[in-house]
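Derivation of every value follows stated rules applied to the coordinates shown; laboratory data play no part. A quick note: this is a predicted structure, and the numbers were derived from the prediction, not measured. Quick reminder, even Gly has a Cβ in these numbers, built from the backbone with ideal geometry, and neighbours come from all protein chains shown.
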Amino acid sequence: MPHDTPARLLVVEDEVIVAMEIADRLQTLGYEVIETVTTGEAALDCAEAQEPDLVLMDIMLDGALDGIETAERLQDAMNVPIVFLTAYSDDSTLERAKATTPFGYIVKPFEERELYAAIEVALRTYAMQQRIEAQRDDLLQILNGLRQGTAMTDAEGQLTFLSDSARQLLGADNDILGQPWPDAFPVPDAVTEALHAAIK
């Protein structure tokens, strides 16, 4: 079995026979299939009620929502990794799918080892992302607790974090995030230029 506690998977596939085959394969691999559904609407309801560890999502589905639209709504509603499982691999479909930042993309027909590898990579990547986010949250809490003002920027020099102390010092609100830091900090031009030179 791939996990001490089997990962709980939701299968979203509009062909019932295919869904049953996928579910059988997943159970053979040691996963728990919490449900198989054929529509995006059913997938949203099931995911909300049962909180799966991962969703295997076909792109072409019965109902008003296709798999990509369903993935978008799932990501808005909850944090769950999605692996697309589909026979459609044309450029336009792939571009639409990429916009949802899936954790994998398996093209039918597929081998069992491909299915297993995609799921394991997705689960491990998701777990790593969760750990990184938790560590980042811990760091931001520490920085917020300091008396000194602290700011963080991205690679382009736009503000991504401002501690509570820094906000008070600057009299700033949330609107300041995303702005270039030289616009946010009232410092002389010479200081700004020196800081720019130091980080190049």
### Query
By how many degrees, between 0 and 90 and to the nearest 10, does the Cα long axis of helix 40-50 differ from the longest principal axis of the chain?
70 degrees
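Run lengths n ≥ 4 of DSSP H only: what is the helix-derived mean residue ellipticity at 222 nm for the chain, with -39500 (n - 2.57) per run over all residues, to the nearest 500? Numbers along the way, then the final one.
On the way: 8 runs with 99 residues, N = 200.
Here the helix-only value at 222 nm equals -15500 deg cm²/dmol.
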### Message
Only four residue types carry charge here, +1 at the Cβ of Lys and Arg and -1 at the Cβ of Asp and Glu. Report the dipole size of the chain about the Cα centre in Debye, rounded to the nearest 20.
### Response
940 debye
### Query
Looking at region 1-67, which GluC sites (Glu not before Pro) are DSSP coil and have at most 16 other C-beta atoms within 10 Å of their C-beta?
GLU15
### Summary
Expected unfolding gain across ASP45-THR28 under the 0.36 nm per residue rule, minus the alpha-carbon gap, is 3.5 nm
### Query
For labels at GLN130 and THR101 in the simple 7 Å Cα→Cβ model, what's the distance in nm?
1.7 nm
## Note on the structure
Scattering profile of region 1-153 from the Debye formula, Cα beads only, expressed as log10 I(q)/I(0) at q = 0.10, 0.11, 0.15, 0.20 Å⁻¹, is -0.39, -0.46, -0.76, -1.25
### Task
Using a/c under 1.5 as the rounded threshold, could you call region 1-49 rounded, prolate or oblate? The axes a ≥ b ≥ c are square roots of the C-alpha gyration tensor eigenvalues, and prolate needs a/b larger than b/c, oblate otherwise.
oblate
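Given R₀ = 45 Å, what would the calculated FRET efficiency be for LEU139 paired with GLU114, taking r from the Cβ atoms and rounding to 0.05? Spell out each step's value before the answer.
Values: r = 37 Å, r/R0 = 0.83.
Taking R0 as 45 Å, the efficiency between LEU139 and GLU114 is 0.75.
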### Task
Specify the angular offset, from 0 to 90 degrees and rounded to the nearest 10, of the alpha carbon long axis of helix 67-77 from the longest principal axis of the alpha carbons in the chain.
50 degrees
### Query
So how tilted is helix 112-145 from the main axis of the chain? Cα-based, degrees 0 to 90, rounded to 10.
20 degrees
### Message
Within region 105-140, name every residue whose backbone N is under 12 Å away from a label modeled 7 Å from Cα of ALA87 along the Cβ vector.
### Response
108-110
### Message
Tell me whether region 107-152 comes out rounded, prolate or oblate; compute the Cα gyration tensor, take square roots of the eigenvalues as a ≥ b ≥ c, and use a/c under 1.5 as the rounded threshold.
### Response
prolate
### Average projection area in nm² (convex hull over Cα atoms of region 120-186, one quarter of hull surface)
5.3 nm²
